[in-house]
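Peer 1: The structure's right below; bear with me while I get my questions together.
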Amino acid sequence: MISIVVVSHSRALAEAAVALAGEMITGDERPRVAVAAGLDESTFGTNAAAVAEAITEVDTPDGVLVLLDLGSAILSAEMALEFVEPDVAGRVRLSSAPLVEGLVAAVVLASTGADLDAVTEEAESGLAAKRFHLGSAATVSETGADGTPDAPADEDSAVAAAATAEVTVSNAHGLHARPAAKVVALVRGFDAHVTLTNLDTGRGPVNAGSLSAVATLNARSGNRLRVEASGDQADEAVHALEELAARGFDDQPAAGSAAPRSERAAGSGLDLAMGPALVRKTDVDTSAYQTAEPETESRRSREAVATVRSRLHDLERRTSEESGAQAGAIFTAQVQLLDDPDITGPVDAEIAAGISAVEAWSRQLDEVAARFEGLADAYQRERAADVRSVRAALLRALTGKPDEDPDATGAPVILVVDELDAATAASIDATAVAGVVTVARGTTGHGVIVAASRGIPLLTGVGDDAAGVRTGQVVAFDARTDAFLPEVSEADQRRFADLVAERSRERIEVVEAARGPALTGDGHRVPVLANVASLADADSARANGAEGSGLVRTEVLFGDRAEAPTVEEQTETFLALAKAMGGAPLTIRTWDVGGDKPLPFLPMPREANPFLGARGIRAFRRQPRLLYDQLTAICRAARETPIRVMFPMVSNAGEVATAVAQLRHAAAIDAVLVSGERSTGFYASAETGSQAAAEAGSAVPEGLDVGIMVEVPAAALTIETLAEGLDFVSVGTNDLTQYTMAADRGNDAVAELADPLSPAVLRLIDRVCRRAPDGVEVAVCGDLASQPRAVPLLLGLGVRELSCTPPKVPDVKAAVRGTDLADARALAAEVLTAGEPAEIRELL
Amino acid sequence: MSTVDVSSVSGWLRSYAEAISEHAAELTELDAAIGDADHGTNMNRGMQAVVAAIDGGDFADVAALLKKAGLTMVSTVGGASGPLYGTFLLRLGGALDGASDITAEKFGAALRAGVEGVVARGKAELGDKTMYDAWVPALDAYDAAVASGADLPAALQAAAAAAARGRDETTAMVARKGRASYLGERSAGHQDPGATSTTLLLESAAAALS
């Protein structure tokens, strides 16, 4: 017969539990039970030595089952196994069963002479009876353990045959919010109550239909989950969940994402437009709506939600294809509103109470919108527009008024809206809509961003003039002069047509001029690139003729995420940027966090002096995972488009070596994953990857150039060794100035010291250009590169590539064209002897 | 010239006991914020017992002393820090068993063996808001210092300073281990008590083993 050991923080608790279990046995045959609990009679605590003693005391050849309470009890019991003889340890089982229920079940079964496996299983299903009785979940599996008393099947009970399954979390980042949302969505689709239990952490069971509950499972990659379902569709729900789990909860790019992307016409890219107005009110006319019985209203509500959901999914897909996953995510967030129990709960309750679906949804979403509007954070306020957009879409679906998508056969219209929500901006057919006018202000909303990225002319905040416009009335606007014509005379029409033609020509000329290469007067080509932090920047950069990006600010690109973007999302976003820039090279700077740039998904310690703290690459010494993920995404993108990778805030050669080693490691592991399984994250495959890295010779992908930023005087002063083996360095003049002059340009008291034209800063740039190893190109991506006046000086010092803000590209190219390299060198030599920034400005 | 011998290691453990006693209230307060408010009390009980064991014992070598201290922690602390610190001291002692002339390198390797034991026991990962978040930077700093020619006291000072930074970083983290993990996001904003007592251990080492 097996023996049992009870480990608890409290001796009184353990002894009482043993007494309780003992009452279940009537015969003389009973297992030996030892207690290792408390530090003494009254002090809570556990003691590994005492557990080992207890095990040794009751040890039998049949084995020992150890039941424990929580926390240190588990650690102490595990440690005790190291203290007892190995052969004894081999027949000891530590049980995850609930202490009291497990002990009772174990004592009863052990007394029958059952073996260790059977008793362990029985103890671990010790909660089944209680759960069954309380109706929280049906848990008695159909193939219940031997000796399990069959739960009485109450034929009148709502609890039908239970279905269970065990699934493994296989996606790299575990069951975080997005895959959890997929689980919740799936489960809600069935008439079943489904629970999940994390078998590895013991968390659960939790309601699989509640996002917050699923999130509490803390299910990481590799964890096993138990799925349990009751209700009419229990089997179907469990089966569907098994399939979803087998697909890694769809937490990867869809299989079809590599398929050719649908091409849609872009907008004119101009800043003016004219045409008949199409007025679309956010407020939907619901006066004709006939309220029906609650059952009918409830059905209408469900149907409307389904219609809107499918439309939003469609927009999400199209927008993701065109503008990247980040833009598509706007619609994911909108879909979540339809599923939020805090909203759907009250809506359903109101409908059940006899309120119409129209009124119930209006009221709830108005409240949510009002809550968002009351928030201090501008980003959160923008969410109110998303809520109103969903509200309008639902009401249109409920009242049977379809979205009046303009008809592509007539003359292109001017869409007049109260505010431009992202759904509208994304769904506009640019061949049917010449431009968009909004009544309300707001130039930073999601809709504006989407419209701008699509080149659709837009005028915001027109106010009353636009509010009075009726559909069909011809209107015109010119965003350049902020002019809106609510009525257009024939003379106006001719004038406007001329203006449109003139602007089109102008734009072509500007773009053509900007698109051409920038050659100095004496024929040296200088690439002029743009600094970008969004798809909109990339569009603007390309339109302005940038020959690529000399700085992609990844911490801004993904900075609005609550969770770290996955490798797949990052890869997709980089490829979308490259596509927006016409396939020109991208210089991706790895996460530049710290200082003034926190990331929501990278908690940073409070530092007394963050600008001298764990900024840039330094932030990842302790938490390398985020950096590895990013480097993996960079390697993947680099296989499809020209990419350079750049490490920020390096100050010694060791940091460069470490960063390059991390890059090689990421590249090697990814190279292995490409051919095999992709879903495993870096860490999961680090071991096989290390071998692979050794075998693959630790190379970075073909064509991936590697460089560093020079932002710290130490980097400039040791550039000979720092840049050894690299392809390029890029000077960040803002930080280099701050760190050289020990002055914060945001601090009015010392801002004048933080002048990039200070002799000290220029001498450092000069040094970098002269002493960088052969073959290492020197670029400038800081503010100084956006100052056309400084261009001759930078070229004279030896800078060979400039990256500026997108709108400055044409001006910077013009400055390059106006420079002779020989003159520039003489200028630089003279500047280097000057004493004061004022003197230097004089020379420029 | 610094030496690691029975006398200096006894001094280390005594000074750690003093530090724990001095900071017991603070440790318990930290634990009260995110755990079960017993870390200071438990550690103090354990370290007082260690001091008593040192007073009453006669140890042939450092390994014997550390093993005794580890076992004492295991059986007297009561909370999770008992098996964790106990494991650390046992493995540290085990790694130094039979070692003569304990150099900075040897001591560093032994520290790492101790911490590996802690990881095996607690299954913590970096960023879980545990003592491991203080140990990792401490070991790295120690090894880096030794590699650049530092002697034992200097390496321990570097380790203690790095542990303190690691400890500070736990404030922002969300706990994924121990009682604090039940609090989820709410555990952020509080410094981890285990990382705090680990820092004290290294600070005591830096002071005593010089």
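Peer 1: Residues of region B:162-190 being closer than 23 Å to B:ARG121 by Cα, at pLDDT below 95, more than 10 Å from chain A (Cβ to nearest Cβ) and crowded, with 20+ Cβ neighbours inside 10 Å, which ones?
Peer 2: B:ALA175, B:ALA180, B:SER187
Peer 1: Among residues belonging to region A:485-498 that are in a loop (DSSP other than H, G, I, E, B) and not small (Gly, Ala, Ser), point out the one that is surrounded by the fewest Cβ atoms within 10 Å (Cβ to Cβ). Write out each step before concluding.
Peer 2: First, pick out the residues of region A:485-498 that are in a loop (DSSP other than H, G, I, E, B): A:486-489.
Next cut, not small (Gly, Ala, Ser) only: A:486-488.
Values: A:PRO486: 20, A:GLU487: 11, A:VAL488: 17.
Ranking the candidates gives A:GLU487 first.
Peer 1: Within region A:552-569, work out how many residues are within 15 Å of A:VAL532 (Cβ to Cβ), of a type outside the set (Phe, Trp, Tyr) and within 11 Å of the chain's Cα centre (by Cα).
Peer 2: Here the count works out to 2.
Peer 1: Would you mind stating whether A:ALA110 is touching a residue at least 60 places away in the same chain (Cβ under 8 Å) and within 14 Å of chain B (Cβ to nearest Cβ)?
Peer 2: no
Peer 1: Inside region A:827-844, can you point out the residues that are surrounded by fewer than 19 Cβ atoms within 10 Å (Cβ to Cβ) and under 25 Å from A:PHE728 (Cα atoms)?
Peer 2: Answer for region A:827-844, where residues must be surrounded by fewer than 19 Cβ atoms within 10 Å (Cβ to Cβ) and under 25 Å from A:PHE728 (Cα atoms): A:ALA829, A:LEU832.
Peer 1: Among the numbered conditions (1) more than 10 Å from chain A (Cβ to nearest Cβ); (2) open to solvent by 10 Å² or more (accessible area, probe 1.4 Å); (3) under 25 Å from A:ALA73 (Cβ atoms), tell me where B:TYR85 comes up short.
Peer 2: Status for B:TYR85: all satisfied but (2).
Peer 1: Run down A:GLY410, A:GLY400, A:GLY435 and say which single residue is modelled with pLDDT of 75 or more and in a loop (DSSP other than H, G, I, E, B). Give the steps one after another, and end with the answer.
Peer 2: Numbers: A:GLY410 fails: modelled with pLDDT of 75 or more; A:GLY435 fails: in a loop (DSSP other than H, G, I, E, B).
Sole residue among the options that is modelled with pLDDT of 75 or more and in a loop (DSSP other than H, G, I, E, B): A:GLY400.
Peer 1: Any residue at all in region B:19-33 that is modelled with pLDDT under 95, surrounded by fewer than 23 Cβ atoms within 10 Å (Cβ to Cβ) and within 12 Å of another protein chain (Cβ to nearest Cβ)?
Peer 2: Checked against the condition, which is being modelled with pLDDT under 95, surrounded by fewer than 23 Cβ atoms within 10 Å (Cβ to Cβ) and within 12 Å of another protein chain (Cβ to nearest Cβ), region B:19-33 yields no hits at all.
Peer 1: Any residue that is in contact with a strand residue (DSSP E or B) (Cβ under 7 Å, 6 or more places away or on another chain) and of a type outside the set (D, E, K, R) - is there at least one of those in region B:16-36?
Peer 2: Looking only at region B:16-36, we keep the residues that are in contact with a strand residue (DSSP E or B) (Cβ under 7 Å, 6 or more places away or on another chain), and these are none.
No, there is no match, as no residue in region B:16-36 is in contact with a strand residue (DSSP E or B) (Cβ under 7 Å, 6 or more places away or on another chain) and of a type outside the set (D, E, K, R).
Peer 1: Based on this model, can you work out whether B:ALA159 counts as more than 14 Å from chain A (Cβ to nearest Cβ), under 22 Å from A:ARG621 (Cβ atoms) and open to solvent by less than 10 Å² (accessible area, probe 1.4 Å)?
Peer 2: yes
Peer 1: Only helices (runs of 4 or more DSSP H) wholly contained in region A:13-107 count here; list those with 2 or more residues that are away from every other protein chain (no Cβ under 14 Å) and β-branched (Val, Ile, Thr).
Peer 2: Counting at least 2 such residues, we get A:48-58.
Peer 1: Kindly indicate whether A:LEU211 is modelled with pLDDT of 85 or more, buried (at least 18 other Cβ atoms within 10 Å of the Cβ) and under 23 Å from A:THR344 (Cα atoms).
Peer 2: Working: modelled with pLDDT of 85 or more: no; buried (at least 18 other Cβ atoms within 10 Å of the Cβ): yes; under 23 Å from A:THR344 (Cα atoms): yes.
Against the criterion (modelled with pLDDT of 85 or more, buried (at least 18 other Cβ atoms within 10 Å of the Cβ) and under 23 Å from A:THR344 (Cα atoms)), A:LEU211 does not qualify.
Peer 1: While we're on this one: Going by what's in this entry, would B:THR72 be described as polar (S, T, N, Q) and more than 10 Å from chain A (Cβ to nearest Cβ)?
Peer 2: Values: polar (S, T, N, Q): yes; more than 10 Å from chain A (Cβ to nearest Cβ): no.
No.
Peer 1: Counting only residues that are surrounded by fewer than 24 Cβ atoms within 10 Å (Cβ to Cβ), over 24 Å from the mean Cα position of the chain (by Cα) and not β-branched (Val, Ile, Thr), how many does region A:419-433 have?
Peer 2: Qualifying residue count, region A:419-433: 4.
Residue-by-condition table, conditions (1) assigned to a strand (DSSP E or B); (2) of a type in the set (A, V, I, L, M, F, W, C); (3) closer than 24 Å to A:GLU711 by Cβ; (4) touching a helix residue (DSSP H, G or I) at 6+ places or on another chain (Cβ under 8 Å):
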| site | (1), (2), (3), (4) |
| --- | --- |
| A:VAL768 | no, yes, yes, yes |
| A:PRO773 | no, no, yes, yes |
| A:ALA785 | no, yes, yes, yes |
| A:ALA815 | no, yes, yes, yes |
| A:ASP823 | no, no, no, yes |
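Peer 1: Which of the following residues is at pLDDT below 95 and charged (D, E, K, R): A:ASP766, A:ASP705?
Peer 2: Selected residue: A:ASP705, the only one of A:ASP766, A:ASP705 that is at pLDDT below 95 and charged (D, E, K, R).
Peer 1: Check region A:264-277 and report whether any residue there is modelled with pLDDT of 75 or more, basic (Lys, Arg) and surrounded by fewer than 19 Cβ atoms within 10 Å (Cβ to Cβ).
Peer 2: no
Peer 1: Another one. Name the residue that is surrounded by the fewest Cβ atoms within 10 Å (Cβ to Cβ), counting only residues in region A:610-637 that are in a loop (DSSP other than H, G, I, E, B) and within 13 Å of chain B (Cβ to nearest Cβ).
Peer 2: Per the stated criteria, the residue is A:ARG621.
Peer 1: Say whether the condition of being within 13 Å of another protein chain (Cβ to nearest Cβ), under 18 Å from B:PRO193 (Cβ atoms), of a type in the set (Val, Ile, Thr) and crowded, with 24+ Cβ neighbours inside 10 Å is met by at least one residue in region B:120-131.
Peer 2: Within region B:120-131 (the criterion being within 13 Å of another protein chain (Cβ to nearest Cβ), under 18 Å from B:PRO193 (Cβ atoms), of a type in the set (Val, Ile, Thr) and crowded, with 24+ Cβ neighbours inside 10 Å), the answer is yes, since at least one residue qualifies.
Peer 1: Looking at B:SER197, B:SER210 in this structure, which one is under 18 Å from B:ALA25 (Cα atoms), more than 14 Å from chain A (Cβ to nearest Cβ) and not basic (Lys, Arg)?
Peer 2: Only one candidate qualifies: B:SER197.
Peer 1: Shifting gears a bit: Quick one: A:THR721 ticks every box in (1) in a helix (DSSP H, G or I); (2) at pLDDT 50 or above; (3) under 29 Å from the mean Cα position of the chain (by Cα) bar one, so which box is it?
Peer 2: Looking at each condition in turn, A:THR721 falls short on (3).
Peer 1: Just checking, which of A:LEU736, A:LEU764, A:LEU726 is at negative phi, touching a residue at least 12 places away in the same chain (Cβ under 8 Å), in contact with a strand residue (DSSP E or B) (Cβ under 7 Å, 6 or more places away or on another chain) and assigned to a helix (DSSP H, G or I)?
Peer 2: A:LEU736
Peer 1: Oh, and also: Quick one: is A:LEU575 within 14 Å of another protein chain (Cβ to nearest Cβ), modelled with pLDDT of 90 or more and out of contact with any Lys or Arg (no Cβ under 7 Å at 6 or more places or on another chain)?
Peer 2: So A:LEU575 does not fit the description; no.
Peer 1: Among the residues of region A:774-789, is any more than 36 Å from the chain's Cα centre (by Cα) and of a type in the set (A, V, I, L, M, F, W, C)?
Peer 2: Taking every residue of region A:774-789 in turn, none turns out to be more than 36 Å from the chain's Cα centre (by Cα) and of a type in the set (A, V, I, L, M, F, W, C).
The values are calculated or read from the model by the stated rules, or taken from the named source; none is laboratory data. Owing to the predicted nature of the structure, the values given are computational and were not obtained by experimental measurement. We place every Cβ from the backbone using ideal geometry, glycine too, and count neighbours over all the protein chains shown. Ligands, DNA and RNA are excluded from the accessible area calculation, which covers all protein heavy atoms including side chains. Shrake-Rupley method; radii C 1.70, N 1.55, O 1.52, S 1.80 Å.
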